[in-house]
Structure formats: structure tokens, C-alpha cells
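S.K.: Would you mind keeping the following structure in view while I ask a few things?
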Amino acid sequence: MSSHVLENSADDLSLVVANMLAPECIQNPYPVYKKLRGQPPVNGLLDYPPGTVPGVDTPFPAWVITRYADVDYVLSNPDIFSSEDPMQANSSAPSLMLVNHDKPRHTELRNLAKMAFTPKRIHDNIVARLRNDVSTIIDHNLGVTIDFMTEVAGVIPAMVMTYLMGLPKEDYKKLVRWANAFMVSSDFTPEERQSCNEELFHYFVAKVGERYHNIEAGNEVTDDLMTAFITAEYEGNGLSKEEVILFCITLVVAGAETTTYFLGNLMGVLLEDNSWFERLKQDRSLIRPFMEESLRRDGPPQRLFRCVTQDCDIGGQQIKSGDWVAFFMAAANHDESVFENPEQFNINRKNANKHFTFGRGIHHCLGAPLARIEGEIMLNMILDKCTGVEGSLLNSSRQSGGLLAYGFSTLPLTLASS
């Protein structure tokens, strides 16, 4: 958003909200969040939930929630703020599992997912393969200028999805495209978005259907997440075939794109301050706090929507039952009342883990440990194999296709080697 809009709209916050979808705001939304945090919630944001199609679907006006305490209130009260998204449900996109469910069904689904998506399964199915593949990716790109988003960050998370669900490894490129279209944060035409949504759905209809057929026929199948979803039982209940399909889709769209931006943002910090490379190389115990502060300051997920089920007060503003709220985790992560000097990257920040990047409460992201594993393996491999990371953020660009995610669209750099 231009400085002109920020400087001349003190009495018209609705203009600030109306301009939140401007490319320059999407690329750097934090000055706008800061302005909005100083006022009660403002109504009128017309933005799009995942899977919906700008130009086809009609957004609901939403209250913009930016303060840490207010975002915490929304996250902590799922009975007041429903995740069932009528706009997304009525779009061409498949509904997302867990993300678009409320209790009690959410509780049943989450318990089933936790039985399938176990830490042991993640470790056994992913870590060794990922280390090997990331090693190959880094070796292939040593010493040459690359777009890190295309050659590394955009490859790793989608490749992990193929490991998890027993998909052909080469299909990762399809998963990247479909996730980008679904998450409304890249430049696609309405027709391309709808086509990608349909391709994604039919792909998993076929893959899950094939797995069911092999299980029912007594054929040997791989012990991966897709099989685990099919066979998982909790208190005598399991998932229907359609729910298995939707769980697979949810993992792809929630995991592939946001983790891509997370990995890119980690490298952005290394370019912002090149002293970090040597510090991390010499002391690997700094990697986890380094990632956590990146998740706080530069976390990709920006906001989510909720439907209000009863009249309530948020930050001094009366919100009516049936209203729509957009709560911005990224704005809360920069709230000065919680995080001192929030724009500063501070690895010694004592409360960095209070960030909302992965949500909180019943909707805390199940894939958060996996994203951290991917980031840790990538950083360790780069630190092992490289003598430095060379480049300038002046040559990079942030994505401007949608306000759902904060991350680089291009990040040119060189993985230097001796």
C-alpha cells in the first residue's frame, strides 16, 4: 500500500481496509496492520478463503481483527467463531478437513488424523528420504545463481507430500501448481483456478480409489499416510472414502505452499544479515530459535476467516451473530504490546513461541512439526555443503497475488561452495 494512503486516511480506516488487497500491501502488509491495531476492528474486507475464485465467487464483508489479544480471543472460542465456511463450501473447491469443521465432528476428525499422522510415521517415512533428496537438490544447485523459490523451496514441501501419501515422486510439480491456485496467493486467471481445483480433486479421487481397490483385493499396499487414513479408527469410527480424499487434498494445499514460503523466508533472513550463516554453521543449536523467530516475524499464513455464531465484543467493537471476521495471525505476531520491537529479528526473544503462525487451540496446525523438520533439514544441508549464501534482497520480489500468505515469488541467490 502506498504511503499516501497510509498518511491520508486517519479518519477513513475503511479506505485502508479496501486497499489491503493492493499488490504493494500484500507484499508488505505490516505497516497497514500497525495502523489497524491502533483502532477497534473495522468492517469491510472483501477477501477470499482458500479454494474460492476471485472473479467468480462473491466475498462476504469481514471485520478485520489485528490485535494479539483479539486474535487470541477468536482462536480460543471456537464455539463463538465457527470454522464452517459457507463461501468456501459453495465454491468450486473441495472443502478442507478440520480447517472447515466445528466440534463435535472436528474432535472426531482430529483424533482420527492424529492416529494416522503420527510423529513416528513422519520420521520413518520422511526424514531419511528428505535428507537424501535435499542433499541432491543442493548439490545440483551449488555455485550457480538460482531462483531459490523455484529450484529449492518450491520443490521440498511438495516432494514431502509425495512421500507421505505414496504418490509418484514426479507428481510434485502438479501438487505445487494446484496448491498455489487453491491458496489464492499467486497470479492465476479465474478459469485456471477452477481448472486446478477440479484437477486436484479428480487426481485424489483416482489415487484414493485405486488404494481402496488394492486394500479390498488383498493386494500389498504401502504403509503411508493415505493407507493410514483409510484404515484409521477412533472409538469404532473411521473416515469415509470422500473424507480420505479431502484429507489428502487438505494436506497438499495446507502443507505445500505455506511451507514453500516458510523455507524461502528463512533464506531471506540469511540474505538480510549475512552474519547469520556463519553463526548457524558454527552452532546448530541456534537453528530452532532462528526458525521460530522467522515464523513469528515472517510467518507465511496471514489470516483466516470465521463466522460469528453469537453477539460478542471484540476489542471494544460489537460484532453481531452472522457477521464474518478475518483474524490476522501475522498482525498479532507484530503486536508491540506482546513482542518488543516486532520488526526486529531477535533470536533471543523469550516469547517468540507465543506466535500464532500455526494457530492455537483446537485448530493448531497438525503439520507444524513437519514444517519445522523440513526447515531444519534444509538449513543443515545448506550449512553443511555451502560456504555462504550470496545475493541481495533488492533483486527479490514478494508474491502479490493474494493476502493469504507472505513470502517470496522470486529469490535469486547463489549457494556458494569452495
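The values are calculated or read from the model by the stated rules, or taken from the named source; none is laboratory data. Because the structure is a prediction, the values reported are computed rather than measured. Positions of Cβ are generated from backbone atoms using ideal geometry, with glycine treated the same way; all protein chains shown enter the neighbour counts. Surface accessibility is based on the protein's heavy atoms, side chains included, excluding ligands, DNA and RNA. Shrake-Rupley method; radii C 1.70, N 1.55, O 1.52, S 1.80 Å.
S.K.: How far apart, in nm, are two points set 7 Å out from the Cα along the Cα-to-Cβ line at residue 417 and at residue 189?
M.R.: With each label point 7 Å from Cα toward Cβ, the separation is 4.1 nm.
S.K.: Next question, about the same structure. List every DSSP H helix in the chain whose Cα atoms extend 27 Å or more along the helix's own long axis and whose mean Kyte-Doolittle hydropathy is at least 0.0. Could you put the intermediate results ahead of the total?
M.R.: Values: long enough: 190-216 (39 Å, -1.10); 241-272 (46 Å, 1.11).
The answer, listed by residue number, is 241-272.
S.K.: Which order do 293, 199 take when ranked by solvent-accessible area (1.4 Å probe, heavy atoms of all protein chains), largest first? Provide the component values of the computation, followed by the final result.
M.R.: Numbers: 293 0, 199 80 Å².
Heavy-atom accessible area, descending, gives 199, 293.
S.K.: I want to verify the translational diffusion coefficient of the stretch 230-379 in µm²/s; compute it with Stokes-Einstein, Rh as the Kirkwood radius over Cα pairs, at 25 °C and 0.890 mPa s.
M.R.: Numbers: Rh = 17.8 Å.
D = 138 µm²/s.
S.K.: Apply 1/(1 + (r/R0)^6) to the Cβ-Cβ distance of residue 337 and residue 310, taking R0 = 30 Å, and write down the FRET efficiency to the nearest 0.05.
M.R.: Numbers: r = 27 Å, r/R0 = 0.90.
Result of the calculation: an efficiency of 0.65.
S.K.: To the nearest 0.05, how large is the calculated FRET efficiency for residue 240 and residue 217 if R₀ is 25 Å and r is the Cβ-Cβ distance?
M.R.: So the FRET efficiency works out to roughly 0.80.
S.K.: Each label point is 7 Å from the Cα along the Cα-to-Cβ direction; what then is the distance between the points at residue 69 and residue 129, in nm?
M.R.: About 4.8 nm, to one decimal.
S.K.: From the square roots a ≥ b ≥ c of the eigenvalues of the alpha-carbon gyration tensor of the stretch 248-299, which class results: rounded (a/c under 1.5), prolate (a/b over b/c), or oblate? Working shown, then result.
M.R.: Numbers: a/c = 2.81, a/b = 2.23, b/c = 1.26.
Taking the square roots of the gyration eigenvalues as a ≥ b ≥ c, the stretch 248-299 is prolate.
S.K.: Helix-only estimate, please: 222 nm mean residue ellipticity of the chain, summing -39500 (n - 2.57) across DSSP H runs of length 4 or more and dividing by its residues, to the nearest 500. List each step's numbers first, then the result.
M.R.: Details: 18 runs with 196 residues, N = 418.
Mean residue ellipticity at 222 nm (helix-derived): -14000 deg cm²/dmol.
S.K.: If R₀ is 35 angstrom, what is the calculated FRET efficiency for the pair residue 171 and residue 279, using the beta carbon separation as r and rounding to 0.05?
M.R.: Details: r = 38 Å, r/R0 = 1.08.
Working from the Cβ atoms, E equals 0.40.
S.K.: Something else about it: Hey, which of these cross-link pairs are over 20 Å Cα-Cα: 35/320; 169/207; 114/169; 114/173; 173/207?
M.R.: Numbers: 35/320 24 Å; 169/207 14 Å; 114/169 25 Å; 114/173 27 Å; 173/207 16 Å.
Too far apart for the 20 Å limit: 35/320; 114/169; 114/173.
S.K.: Multiply the residue separation of residue 210 and residue 58 by 0.36 nm, subtract the distance between their alpha-carbon atoms, and state the gained length in nm to one decimal.
M.R.: Values: separation 152, 0.36 × 152 = 54.72 nm, distance 3.59 nm.
Length gained, residue 210 through residue 58: 51.1 nm.
S.K.: Here's another thing I want to ask about it. List the relative contact order of the chain as a percent without decimals, with contacts defined as Cα pairs under 8 Å and 6+ residues apart. Could you put the intermediate results ahead of the total?
M.R.: On the way: 723 pairs, mean separation 104.9, N = 418.
This gives 25 percent for the chain.
S.K.: How are the C-alpha pair distances of the chain spread across 10 Å bins, as whole percents from the shortest bin up?
M.R.: With a bin width of 10 Å, the distribution comes to 4, 22, 32, 27, 12, 2, 0.
S.K.: Continuing with the same structure: Ordering 139, 47 by how much accessible area each has at a 1.4 Å probe, largest first, what is the list? Please report the intermediate quantities before stating the final value.
M.R.: Details: 139 80, 47 10 Å².
Highest to lowest solvent-accessible surface, that is 139, 47.
S.K.: Pull up the cross-link candidates among the lysines for residue 34, meaning alpha carbon to alpha carbon under 21 Å and not fewer than 8 places away within one chain.
M.R.: Candidates past the 8-residue exclusion: 354.
S.K.: Which one of 316, 327, 143 is farthest out on the positive end of the charge dipole of the chain, using unit charges on Cβ (Lys, Arg +1; Asp, Glu -1) and the Cα centre as origin?
M.R.: The listed residue farthest towards the positive side: 143.
S.K.: Can I ask one more? Per residue, how much space in cubic angstrom lies within the convex hull of the C-alpha atoms of the stretch 225-314? Write out the running numbers ahead of the final one.
M.R.: Details: hull volume 17.8 nm³, N = 90.
For the stretch 225-314, the hull spanned by Cα atoms encloses 197 Å³ per residue.
S.K.: Under the 0.36 nm per residue contour assumption, what length would be gained going from the current alpha-carbon distance of residue 288 and residue 121 to full extension?
M.R.: Details: separation 167, 0.36 × 167 = 60.12 nm, distance 2.15 nm.
Extra length from residue 288 to residue 121 when fully extended: 58.0 nm.
S.K.: Could you give the accessible area per residue of the chain, probe 1.4 Å, as a whole number in Å²?
M.R.: Working: 17090 Å² over 418 residues.
Spelled out: the 1.4 Å probe surface of the chain, per residue, equals 41 Å².
S.K.: Let me ask something else. Taking only C-alpha pairs under 8 Å that are 6+ residues apart, what is the relative contact order of the stretch 129-239 in percent?
M.R.: Details: 67 pairs, mean separation 21.6, N = 111.
Reported as a whole number, the value is 19 percent.
S.K.: Under a Cβ-only charge scheme (Lys and Arg +1, Asp and Glu -1), can you give me the dipole magnitude of the chain about the Cα centre, in debye to the nearest 20? Present the calculation step by step, with values, prior to reporting the outcome.
M.R.: Details: 36 positive and 53 negative charges, 158 e Å.
Using only the charged Cβ atoms, the result is roughly 760 debye.
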